[in-house]
Structure formats: structure tokens, C-alpha cells
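Just so it is clear, none of the values below were taken in a lab; they were calculated from the coordinates. This is a predicted model, so every value here is computed, not measured. Please note: Cβ atoms are built from the backbone with ideal geometry, for glycine as well, and neighbour counts cover all protein chains shown.
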Amino acid sequence: MSVADITDARQYLTFKLAEEVFAIDVSKVREVLEFTAITKIPRTPAFMSGVINLRGNVVPVVDLRLCFEMSKFEKTVSTCIVVVEMLIEGDSTVIGALADSVEEVIDLEPGQIQPPPKMGTRIRTEFIRGMGVRDAQFVMILDIDRVFCASELSAVRQVETNQPLEEAFA
């Protein structure tokens, strides 16, 4: 989905990674959790922190900082897990994403969203739906369904469905 596809006002959950402010469409956010113990799983990609138990369900947790080639996350008082629902090969998948802090839910009109720049951001621009402008500050609006490449998503999907780890990396 591109900026041109945004034709009405939408709400976005804003969160911080380092000093950068990111946003995700609230329709993709299931809930925000306080940081909890994460069970590490051997032989998974570096960006995958492990899994958590969410009301009896195994939910993979990723470190978005590593996905965006930032420094590894460091737990603080404000660290939380944003649980999102995303599409992987047409199937709905729930993952947790580590955030340094959650800011707020904001409303953005189409006129407040500009196309992503061609260069100069820390992440590849195909994962940015647009740059929201709010109070003279830019907010990177993520297209959460496109943040990971297919091979990375297969590892997340494998953890969610409890397949043997070797199959995810074969």
C-alpha cells in the first residue's frame, strides 16, 4: 500500500526505537504488553529475540532495531512489546515487536502524509508507507506486512506453527 492509497484519516500507534519515531496503523496492532521474559530459541536469525507465552499461544518476538540495522535493544523501564497481526504469504500471523517505548495513538489526515524519501533513512524505503508530519516532527509509518523478507518471515512462521527448526532454515 502506498501513500496514494491513504485517502481518509487513520489512527496510528507511535513508538520509539532509539531516537526515531515510527508508527503502525492501529488496525494491525493487537495489544501493547509490558516487557516480559522472552524464551530464546537456538539457531534463529539474529533479529528474532525468542518467543513469549500470550494466553497459551506461542508468539514470536522480534527486535525491530536489528531489522532496521540499529544497535541491539537494551531493556529500560519503558521497553514494551507491541503485538501486531501481519500477513505472511496471505496468512495472518501474530508477532511481538520490541519497542523502546510506546508514545501515543495519533490521527493523521492524508495531507499530513508524504511519500518516503528515496534515500537518507535507516531502513529500506519499501517498508515505509509514508512520512507522517505531526507538530513539525516526522513519523515513519511502517507497512508492517513488508518489514521482513520472505526468508526471514519463514523463520517467524516456523516458530509460530511449532515446526522443527531445521525446516525453517533448510
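If you place +1 on the Cβ of every Lys and Arg, -1 on the Cβ of every Asp and Glu, and leave all else neutral, what size is the dipole of region 3-158 about its Cα centre, to the nearest 20 Debye?
So the magnitude is around 560 debye.
Multiplying the sequence separation of residue 101 and residue 77 by 0.36 nm and subtracting their Cα-Cα distance, what value in nm do you get?
Additional length available on full extension: 7.8 nm.
Give, rounded to the nearest 20 debye, the magnitude of the charge dipole that region 1-89 has about its Cα centre when Lys and Arg contribute +1 at Cβ and Asp and Glu contribute -1 at Cβ.
400
Which value in Å does the Kirkwood hydrodynamic radius of region 63-120 take, with 1/r averaged over all unlike C-alpha pairs and then inverted?
Final number for the Kirkwood radius of region 63-120 is 14.2 Å.
What per residue convex hull volume, in Å³, do the alpha-carbon atoms of region 3-158 yield?
Each residue corresponds to 122 Å³ of Cα convex hull volume.
Using 0.36 nm times the number of residues separating residue 30 and residue 57, minus their current alpha carbon distance, what extension gain do you get?
Once the chain is fully extended between residue 30 and residue 57, it gains 8.3 nm.
What list of whole percents do you get for P(r) of region 1-73, with Cα-Cα distances grouped in 5 Å bins up to the one holding the largest distance?
Reading the bins upward from 0: 3, 12, 18, 21, 21, 13, 7, 4, 1.
What is region 3-158's relative contact order, in percent, from Cα pairs under 8 angstrom and six or more apart in sequence?
For region 3-158, the relative contact order is 27 percent.
Arranged from highest to lowest average of other beta-carbon atoms within 10 Å per residue, in what order do the peptides 134-142, 58-66 appear?
Ranking, from highest mean packing down: 58-66, 134-142.
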